[in-house]
Amino acid sequence: MSQTILIEPNENLRKLFSINLNTYAATDVVPRENATDAIALLSILPSINLIVAKSQVGSEQTAIRIYNFLKEKNLQIPMIILGECRELAPDVLTLKEPISWDVLVKHAADILCVKEEEVKKKSQPMFVALESNFFYDIDHTPCDVYIQIKKADNSYQFVKRLRAQDSFTKEDIEKYEAQGLKYFHIPKDFEHYFVTFVTNNLIQKLEEDEVDFSIRLSLNANAYEVVRDQIAKVGLDESMHTLADTCIRSMVFTIKEAPTLANLLKQLFKNKISYAYQHAHLVCVIGHFILLRQQWYEPKHLDIFTLVSFFSDITLKNPEQIQVNTMTELKASKLSNEQRQVVLNHANDAAELIKDYPNYNKNIEDIIRHHHGSLDGFGFPEEPNETVHPLAKIFIIADAFVKIMLAPHTPKNKKEILAILYAQYPGQSFQDIIGVLEEKIA
Ligand SMILES: [Fe+2]
């Protein structure tokens, strides 16, 4: 395989050009920071086949310095200059900015004698689907983005909709959603890089201090969805640990700042936040009401409770799965057998998942495993076990309250909801927790 030195200081462009040069022009890309680095490499590796260099890096005349070095050493290595360079044009191929990766790849392939048919053959990359919410908190993407269109013969075609570096807003994405679009597609080679790009953007925004409450809610919700999606695809890896941790800290912050319950509900619905996040957030808010009235309460309990709310249903994809709270509801649901099995085992699955978490401790595992009242994290016992972890008991009541509150055809009046809970959880410790909640919200 040929070798190409690439000097492009913009990280996103560097990645975009590297992957595409490698995929379509079949060349091994060696990134270098500036002319000094490139010259150092050329001195020991004069067999490089192509140099793609930014005209200028900072105040350095990068392209001119490399060109002079090649002349001086009599090295016949072709160059492509990114950006204007009047001194060397037209002797050296110069591409005017902004440079599209396909134009760069075409020139590189010509120079490296990669046949056009080969480039074309390879230019149908494998695509992966990403839910549209991945695009809410970024204003450009590090790669081209496609939509999938069904053709008359029922086959599918991918059409480019956003070019790498094109800027867009959340409203632009919502316009696609209004037309029924749920997924965008990106080349598979970019999947990991794209997710890291989105994750870093979210972390940066979540860590800002002065964020409007409703924007913070929406950032939390998007971070939650990204973590959920990635856990399903690749598991709880290091970047998802960081994103989950940042999101949990932000949730704790929002819960401490919480407006009234009615206002919070308005915000959650106004921002079109997913059911999964609405549920996780409200369980924290209700749980916090109860926690604050416990004699043993310490702020760390809110941190633990929020982490549990974040992870307890993270393996459930479908809102119908999250809504289930009893075996009767599970039987009455329209879920497939496979989806039901996931629901039955989700407390255990989440408890196992959390064992890989850096802030793991056995208490957290127990609370997650017990969050539907069984000690082994399986199913929905008619009456929760009295020996489940005390925080799990609070979680069970908060969870039941929120599920009734969010369900479309159930009582919305707090008193009616409390009456249902008193009847559903006759155990003394649960009656006491419901009593505490009643004192707070009645
Ligand atoms: Fe659950």
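A simple rule links phi to the HN-Hα coupling: the Karplus curve 6.51 cos²θ - 1.76 cosθ + 1.60 with θ = phi - 60°, which for region 353-365 gives 4, 5, 4, 8, 7, x, 8, 4, 9, 4, 4, 4, 4 Hz, with x for Gly and Pro. Enumerate the residues in region 320-356 having an amide nitrogen under 19 Å from the point lying 7 Å beyond the Cα of Asn363 toward its Cβ. Only 351-352, 354-356 pass the distance filter.
With both labels modelled 7 Å from their Cα along Cα-to-Cβ, the Asn200 to Lys317 distance reads 2.9 nm.
Counted over the chain with a bin width of 20 Å, the fraction of Cα pairs per bin, in whole percents, is 22, 43, 25, 10, 0. With Cα atoms defining each centre, region 134-149 and region 195-232 are spaced 16 Å apart in the structure. Here the simple spin-label model places points 7 Å from the Cα toward Cβ, and for Ala423 and Leu181 these points are separated by 4.8 nm. Between the amide H of Arg161 and those of Val145, Tyr146, Ile147, distances stay under 5 Å, these residues lying 5 or more places away or on another chain, with hydrogens modeled in the peptide plane. What FRET efficiency, computed as 1/(1 + (r/R0)^6) with R0 = 30 Å and r the Cβ-Cβ distance, is obtained for Asp91 and Ser167, rounded to the nearest 0.05? Result of the calculation: an efficiency of 0.30. Per-residue Karplus couplings for region 66-83, computed as 6.51 cos²θ - 1.76 cosθ + 1.60 with θ equal to phi - 60°, are listed in order as 5, 4, 4, 5, 4, 4, 4, 8, 6, 9, 8, 9, x, 10, 10, 9, 8, x Hz, Gly and Pro entered as x.
Exposure proxy for His409, His281: other Cβ atoms within 10 Å of each Cβ, ordered fewest to most, give His409, His281.
Working note: Debye formula, equal point scatterers on the alpha-carbon atoms of region 383-442, no solvent; log10 I(q)/I(0) at q = 0.12, 0.26 Å⁻¹ is -0.26, -1.13.
Neighbour counts of C-beta atoms inside 10 Å place Met1, Met240 in the sequence Met1, Met240, starting with the fewest. What separates the Cα centres of region 371-436 and region 284-344 is a distance of 10 Å. Along the chain, counting only chymotrypsin sites (Phe, Trp or Tyr not before Pro) with a DSSP assignment other than H, G, I, E or B and at most 15 other Cβ atoms inside a 10 Å radius, the longest segment between sites is 1-295. The residues Lys151, Lys15, when put in order of fewest to most other Cβ atoms within 10 Å, stand as Lys151, Lys15. Pairs exceeding 31 Å between alpha-carbon atoms, taken from Lys71/Lys106; Lys362/Lys403; Lys182/Lys393: Lys182/Lys393.
Estimate the FRET efficiency between Val234 and Met126 by the formula 1/(1 + (r/R0)^6), using the beta-carbon distance for r and 22 Å for R0, to the nearest 0.05. Before the final figure, lay out each step's value.
Details: r = 16 Å, r/R0 = 0.74.
Efficiency, rounded to the nearest 0.05: 0.85.
Residue-normalised convex hull volume from the C-alpha trace of region 77-194: 141 Å³ per residue.
Can you give the Kirkwood hydrodynamic radius of region 156-250 from its Cα pairs, in Å with one decimal? Could you put the intermediate results ahead of the total?
Working: mean 1/r = 0.0675 Å⁻¹.
One over the average 1/r among Cα pairs gives 14.8 Å for region 156-250.
Restricting the calculation to Cα atoms, every distinct pair contributes to the Kirkwood radius of region 207-441, found to be 17.8 Å.
For region 2-121, pairs of C-alpha atoms spaced more than 23 angstrom apart make up 22 percent of the total.
Take the Cα of Lys151, step 7 Å toward its Cβ, do the same at Lys414, and the gap between the two points is 6.0 nm.
None of the figures in this text is laboratory data; all of them are computed from the coordinates on show. Just so you know, these numbers come straight off a predicted model, no measurement behind them. All Cβ positions, glycine included, derive from the backbone under ideal geometry; neighbour counts span all protein chains shown.
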